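This report refers to the structure that appears directly beneath it.
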Amino acid sequence: MLVSAKEMLQKAKAGKYAVGAFNINNLEWAKAILLTAEELKSPVILAVSEGAGKYMCGYKTVVGMVNGMLEELKITVPVALHLDHGSYEGAKACIEAGFSSIMFDGSHFDIEENVAKTKELVGICAEKGMSIEAEVGSIGGEEDGVIGAGEVADPNECKMIADLGVTMLAAGIGNIHGKYPANWAGLSFETLDAIQQLTGDMPLVLHGGTGIPTDMIKKAISLGVAKINVNTECQLSFAAATREYIEAGKDQQGKGFDPRKLLAPGTDAIKATVKEKMEIFGSVGKAE
Ligand code: 13P
């Protein structure tokens, strides 16, 4: 059964490790991540962006697929199904469809509107026993080929949003989605420290987990990060392994064109990436 991310993240924050939130795109992604979490006895969050939700035919399809997998793959570790960067409408649709967690990304609204909408969704999630993530200070990333620097959140605004009763809080600390540019300034630990001082036990969320050096990840965890989002890195591993298979001409040997064969190396590559991340985040064995 899907669970809220609340308990797993509170445990992670108290135990100084982080739970990985891995974005899924299809059956192979979900299966690879769930099997790895089970094998490593790690709690896990399956994240679904609105675009990926659409791609997978809608949120109800996602809920049906993931619930079926939990049962038929006999998954025993805690699993949350989480909307990533949800709009207000998307958040409501996921609550309706049976997700166990949502992120409402109101970071592009002014703080008053972010507060009002977050507050309403916090109330609905509390009633349903779901977790909710809010964001302050938007996460940068590639837009039309231009890579923007990550915005740095105002710790006082973080405190204001945390006090609304959200389960976890994403705060921009110079992190960005996708690959980091060579001249990236790194994470602002000063900001993270100030945010944690004001928000106390609140589990903090680090977006843009792809490509952040291990020492920075560990430092971020030591300063209160308990959920780390990883998306691009699984995509890169999947693409590289699939390319290798095709370039070696394996799809043209025997039944190598069978999608169950053709997608296997990519699926295994996602597993390896997820394993590596869970080891770095320290979540291995935490579901035992
Ligand atoms: P990356 O694609 O950089 O790993 O970021 C993932 C993320 O933060 C999803 O919300």
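Side notes on the structure shown:
- Test result for Leu198, within 16 Å of the ligand (Cβ to nearest atom) and either in a helix (DSSP H, G or I) or of a type in the set (Phe, Trp, Tyr) (or both): no
- Of all residues assigned to the stretch 224-232, none qualifies as being at negative phi, in contact with a strand residue (DSSP E or B) (Cβ under 9 Å, 6 or more places away or on another chain) and more than 16 Å from the ligand (Cβ to nearest atom).
- If you go through the stretch 119-140 and keep only what is assigned to a helix (DSSP H, G or I) and crowded, with 17+ Cβ neighbours inside 10 Å, you end up with Leu121, Val122, Cys125.
- Scanning the stretch 27-53 for residues that are outside any helix (DSSP H, G or I), buried (at least 18 other Cβ atoms within 10 Å of the Cβ), out of contact with any His (no Cβ under 7 Å at 6 or more places or on another chain) and not β-branched (Val, Ile, Thr) returns Ser42, Pro43.
- Residues (assigned to a helix (DSSP H, G or I) and surrounded by fewer than 19 Cβ atoms within 10 Å (Cβ to Cβ)) located in the stretch 94-118: Glu96, Ala97, Ile111, Glu112, Glu113, Val115, Ala116, Lys117
- Residues in the stretch 68-109 that are within 16 Å of the ligand (Cβ to nearest atom), touching a residue at least 60 places away in the same chain (Cβ under 8 Å) and in contact with a helix residue (DSSP H, G or I) (Cβ under 6 Å, 6 or more places away or on another chain): Leu81 only.
Rule-based calculations on the coordinates, nothing more; no lab input. None of these values were measured; they are calculated from a predicted model. Cβ atoms come from the backbone with ideal geometry, glycine included; neighbour counts cover every protein chain shown.
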